[in-house]
Protein chains: 2
Amino acid sequence: MIKIAVDGMGGDHAPQMICDGVMQALNAYKNIDITVFGDQDKMAPFLKQHERLHIVHTPYAIDMAEKDVVKVYRTNKEMSMFKAMQFVKDGHADAFVSAGATQAIVVGGHFIIRRMKHMKRVAIAPIIPSYDKKGRILLDGGANTDFKPEHLVEFAMYASIVVKEVLKREHPTVALINIGTEDKKGREFDIEVHELLKNHPTLSFYGNMEPKDVVTSEADIFLTDGFTGNIVMKTMEGTAKGMSMVLKREIKSGLFSMIGALFMRKALKNLKQSLDASEIGGALLMGFDHIVIKAHGSSDGFAFKNAIRQAKEMAEANVIQKVKDALEAYQEKA
Amino acid sequence: MIKIAVDGMGGDHAPQMICDGVMQALNAYKNIDITVFGDQDKMAPFLKQHERLHIVHTPYAIDMAEKDVVKVYRTNKEMSMFKAMQFVKDGHADAFVSAGATQAIVVGGHFIIRRMKHMKRVAIAPIIPSYDKKGRILLDGGANTDFKPEHLVEFAMYASIVVKEVLKREHPTVALINIGTEDKKGREFDIEVHELLKNHPTLSFYGNMEPKDVVTSEADIFLTDGFTGNIVMKTMEGTAKGMSMVLKREIKSGLFSMIGALFMRKALKNLKQSLDASEIGGALLMGFDHIVIKAHGSSDGFAFKNAIRQAKEMAEANVIQKVKDALEAYQEKA
């Protein structure tokens, strides 16, 4: 049985959509057991009795817009998110899932779950849409601005294990996001990362990738520093949003196009689904000593269910232990 | 009369599409006079006699894939691009337009046209599509990796003059591309640029902009370093390309959607046009002592005509002199 701790109060539509996702996941996957942390009274209308569902009442929750999470942590550890994390840390669950604010999860993760001994930083790795519908791992999307090249190599090793063991793709390849495909392109930082990846004993290096291939590239993992990764992620989001808005405007501009849109309803729905991150799940937080999944803040029940599925698959594949073993072997040689 | 020097041999579809664009521009704008530099025999089939058209035969042209432009320049100055630039430098024309390789234009620009005394670097400023169809100036898209914060401020001043005098928008605003909207977000570099923009005596600072608003933001100018700008530009390109491919695949997947696409033909065409950079023109190279416009390498006649129009409008508005005056006043105070 895979045990999962859920922060019931995190997310723009919590607790309703979180509870909804929990119920969907319990019904879909027979080998999971979920403990939800949150305000019992607020959650009750959206949860049903279930033999594999447990509720821990926590009267407090972190505001999605909280700016000073460290201070909150220092003054009140009874928050739903922190209690759920502690539950994982204490060995009662295999994974933590929340749609709460990224910064709160990162801070709580550092204080409570703690970093893996073998990783010096934590990366946020969203799964971004791809033409082949399989998704790609982008990292770091977490806006870290002070990485060293070796940190990126550790992330690449972690992500390669996820692609192979969880997404079940043989021979995962790592592409370095860059402004050109030639070896010596980019900043000093990118050139150093390129060298490390090229000479790495176990990673399969795809080479540099320009983001004009960000939806169509064959590579499985797109690697870059936290500033650039965040910019790529948000530019994809902005361009997709802009295109959708233009398409809607043009459809509404005439009778023919409105009729056309009716005929094309399925195609347009598939377009939306192909580009919809909620189909794939949440972002992985790589670097903590346990599995941490961050669902999108605006998650509905379906999206949150998929984030729980990801946590389950990560636990089933025993990813954390495999990452530790791989990093230990690599760091001993270095 | 505005005089324009055109590199007839630069671009993936040169000289045919370049000549085509030149003829379109001559017919559309009565106050321009164009001198085309290139291989007379190769261009002849695509050019017609015109009283405002002049041809200068140059037997050599730079290969689009040339890696060592500096060496080419040192050994052969008789290239079409370099001759056209020299023509501008010598005062025979007001502006230079080419669809040749960016790096060649940048190198030739530095050696022949030279940098403006008041600007320490050169930026490449593509005009990117926007929801309101007016376009936005993104800079630097030129992949420069060694900017100082003050260089970006100079670019912002140049771009603001272009938006006001050429694009005729009152009160141009400058947004700093960043990973968050709060003042202290980003790298040390971004925080410094933010401070300079905020306290600038003439610029109108919009604040930080996350690229999830890259198609919909109200700001006129999107400012960032050359690495990040290039990444944003290519991520927009990649996402738009990916979405178009998915849409095409979904349309082809069934009879209903194919019928729908027929009804929606106009709407889909408008979608494409809204996102098509060739509607708007080429990229501005900001920092040289004369007007330099870089049309897209894959320009057809229509796109190249629009690049010529841009050069004409820049010259009509006397942009170079206005930028010099503004920078001189600013730098005297500093």
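The values are calculated or read from the model by the stated rules, or taken from the named source; none is laboratory data. Note that the structure is a prediction, hence the values are computed from the model and not measured. Reconstructed Cβ throughout: ideal geometry from the backbone, glycine too, with neighbour counts over all protein chains shown. Heavy atoms of the whole protein, side chains included, go into the accessibility calculation; ligands, DNA and RNA do not. Shrake-Rupley method; radii C 1.70, N 1.55, O 1.52, S 1.80 Å.
Quick notes
- Portion, in percent, of the accessible area of segment A:10-144 that falls on carbon or sulfur, probe 1.4 Å: 49
- Contact order for segment A:128-277, expressed relative to its length and based on alpha carbon pairs under 8 Å spaced 6+ residues apart, stands at 34 percent.
- Per-residue mean of foreign Cβ neighbours for B:213-220 is 4 (Cβ atoms of other chains, 10 Å radius).
- Of the residues A:Leu327, B:Leu327, B:Phe96, the one whose Cα sits farthest towards the positive end of the charge dipole of the protein assembly as shown is B:Phe96 (charges of +1 on Lys and Arg Cβ, -1 on Asp and Glu Cβ, taken about the Cα centre).
- Farthest positive-ward along segment A:128-277 dipole, Cα basis, beta-carbon charges - from A:Gln273, A:Thr216, A:Gly260: A:Gly260
- Summed over both chains, the accessible area lost when A and B associate is about 5000 Å², using a 1.4 Å probe.
- Neighbouring Cβ atoms from other chains, within 10 Å of the Cβ of residues in B:223-229, number 3 on average.
- Values of log10 I(q)/I(0) for the protein assembly as shown across q = 0.06, 0.07, 0.08, 0.12 Å⁻¹ run -0.39, -0.52, -0.67, -1.28, by the Debye formula with one identical scatterer at each alpha carbon and no solvent.
- Charge dipole of the protein assembly as shown (Cα centre as origin; +1 on each Lys and Arg Cβ, -1 on each Asp and Glu Cβ, all else neutral): 1320 debye, rounded to the nearest 20.
- When nucleic acids and ligands are ignored and a 1.4 Å probe is applied, B:Arg121 ends up with an accessible area of around 70 Å².
- Theoretical FRET efficiency, 1/(1+(r/R0)^6), r = Cβ-Cβ of B:Lys120 and B:Arg74, R0 25 Å, to 0.05: 0.55
- Antiparallel %, DSSP beta bridges [both residues in chain A], to 5: 20
- A simple packing score, the average count of other Cβ atoms within 10 Å per residue, orders the peptides A:73-80, B:213-220 as B:213-220, A:73-80, with the highest score first.
- For B:Ile2, the residues whose modelled amide H falls within less than 5 Å of its own, excluding neighbours fewer than 5 places apart on the same chain, are B:Ile32, B:Asp33.
- Hz values of 3J(HN,Hα) by residue in segment B:195-210 - Karplus curve (6.51, -1.76, 1.60), Gly and Pro given as x: 4, 4, 5, 4, 9, 6, x, 10, 5, 9, 8, 7, x, 6, 10, 7
- Heavy-atom accessible area per residue - the protein assembly as shown, 1.4 Å, Å²: 42
- Per-residue shielding of A:176-188, expressed as the average number of other chain Cβ atoms within 10 Å of the residue Cβ, stands at 3.
- At R0 = 41 Å, FRET efficiency that the Cβ-Cβ distance of A:Val56 and A:Lys322 yields, to 0.05: 0.85
- With each label modelled as a point 7 angstrom along the Cα→C-beta vector, the B:Gln49-B:Leu255 pair spans 5.9 nm.
- Helix-only [θ]222 nm of the protein assembly as shown, DSSP H runs n ≥ 4, -39500 (n - 2.57) each, per residue, nearest 500: -13500 deg cm²/dmol
- Its relative contact order, with pairs defined as Cα atoms under 8 Å and 6+ residues apart, puts segment B:254-318 at 27 percent.
- Taking the convex hull of Cα positions in segment B:127-278, its mean projected area over all directions (nm²): 10.0
- Shown in residue order for segment B:160-166 are the 3J(HN,Hα) couplings computed by the Karplus curve 6.51 cos²θ - 1.76 cosθ + 1.60 at θ = phi - 60°: 5, 5, 4, 4, 6, 8, 9 Hz (x for Gly and Pro).
- Mean Cβ neighbour count within 10 Å, used as a protection proxy, ranking B:3-11, A:300-308, B:36-44 highest first: B:3-11, A:300-308, B:36-44
- Projected onto their three principal axes, the Cα atoms of chain B cover extents of 67, 58, 38 Å, largest first.
- Rg and Dmax, both from the Cα atoms of segment A:232-278 and both in Å, are 12.1, 37.
- Here chain B is treated with +1 on each Lys and Arg Cβ and -1 on each Asp and Glu Cβ, and its dipole about the Cα centre works out to around 700 debye.
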